[in-house]
Amino acid sequence: MPSTRARLAVLASGSGSNLQAIHDDLVARGAGATSELAIVISDRRAAGALDRARNWGVQALHLPKDRDAELLAILEAEAITHIALAGYLRLIPLDVVRRFHGRMLNVHPALLPAFGGPGMYGARVHAAVLAAGARVSGPTVHFVSEHYDEGAIIAQWPVPVRQADSVDALAARVLAAEHRLYPWCLHLLTSGVIALGPDGRTRGVPDYDFDRELP
Ligand code: GRF
């Protein structure tokens, strides 16, 4: 019987801890999983994300930056239906953004629309949060649009900023929240609970409580 599951591509440049969380969630859902991890793509040959994929027997592809233009053809050849960006540092080609409108998610390590936009990634985000004196940060999962960090928000998770926080300490606290929030959002999308509406806003996200486990 042909699979009716979504075929997920994860694009990652770094260690891939969010990739790990997505994988673990799919394994934990077992027969209830609504997507399968079809391919992991990285612009960095040495990305830990590629090693993780190989260890699971998932296709791992190194796509160097001078081959960005091939991305859409690769995704189509693999019959990919959904994309999760997980710490991918390359700009996604416009043809891919358009083809995967409403089917591509990103996780950003701060509460958008603050602390986002071009150049705001990795440690810079947390440094900016600390410099601003913000007392709350946390991940945002959003649809990917043609403008950096401006796609419709799906879910956020508040994480306290401590007086003694270093960039690394804050990053680690936010990352732990990403690992809970991102797989949940992907599941909501691939199971058809949420969608990007014609008005450019996310519809269908269930209410969730910050002091409880996600449903
Ligand atoms: C995360 O902080 C994510 O928010 C950002 O890149 C980082 C990726 O970390 N987009 P990892 O490779 O998943 O550990």
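The values are calculated or read from the model by the stated rules, or taken from the named source; none is laboratory data. Predicted, not measured: the structure shown is a model, and the values here were computed from it. Counting neighbours? That spans all protein chains shown, and the Cβs are built from the backbone with ideal geometry, glycine included. Ligands, DNA and RNA are excluded from the accessible area calculation, which covers all protein heavy atoms including side chains. Shrake-Rupley method; radii C 1.70, N 1.55, O 1.52, S 1.80 Å.
Side notes on the structure shown:
- Pair list, Cβ < 7 Å and 6+ apart or interchain, from the stretch 150-175 residues that are farther than 24 Å from Pro206 by Cα to residues that are open to solvent by less than 40 Å² (accessible area, probe 1.4 Å) and in a loop (DSSP other than H, G, I, E, B): Val161/Ala134; Leu170/Val161; Ala171/Pro109
- Hey, Ala84 on the phi > 0 side of the Ramachandran plot and among the aliphatic types (A, V, I, L, M) or not: no
- Verdict on Ala28 being assigned to a helix (DSSP H, G or I) and within 13 Å of the ligand (Cβ to nearest atom): no
- Evaluating Ala47 against the criteria (1) within 13 Å of the ligand (Cβ to nearest atom); (2) open to solvent by less than 40 Å² (accessible area, probe 1.4 Å); (3) in contact with a Phe, Trp or Tyr (Cβ under 7 Å, 6 or more places away or on another chain) leaves one unmet condition, (3).
- Qualifying residues in the stretch 50-85 (those that are of a type in the set (Lys, Arg) and within 28 Å of Ser191 (Cα to Cα)) - the one least open to solvent (accessible area, probe 1.4 Å): Arg52
- Within the stretch 138-183, if we keep just the residues that are away from the ligand (no atom under 11 Å from the Cβ) and among the hydroxyl-bearing types (Ser, Thr, Tyr), the residue that is least open to solvent (accessible area, probe 1.4 Å) turns out to be Ser145.
- Of all residues in the stretch 183-194, one or more are of a type in the set (Ser, Thr, Tyr), modelled with pLDDT of 95 or more and within 16 Å of the chain's Cα centre (by Cα).
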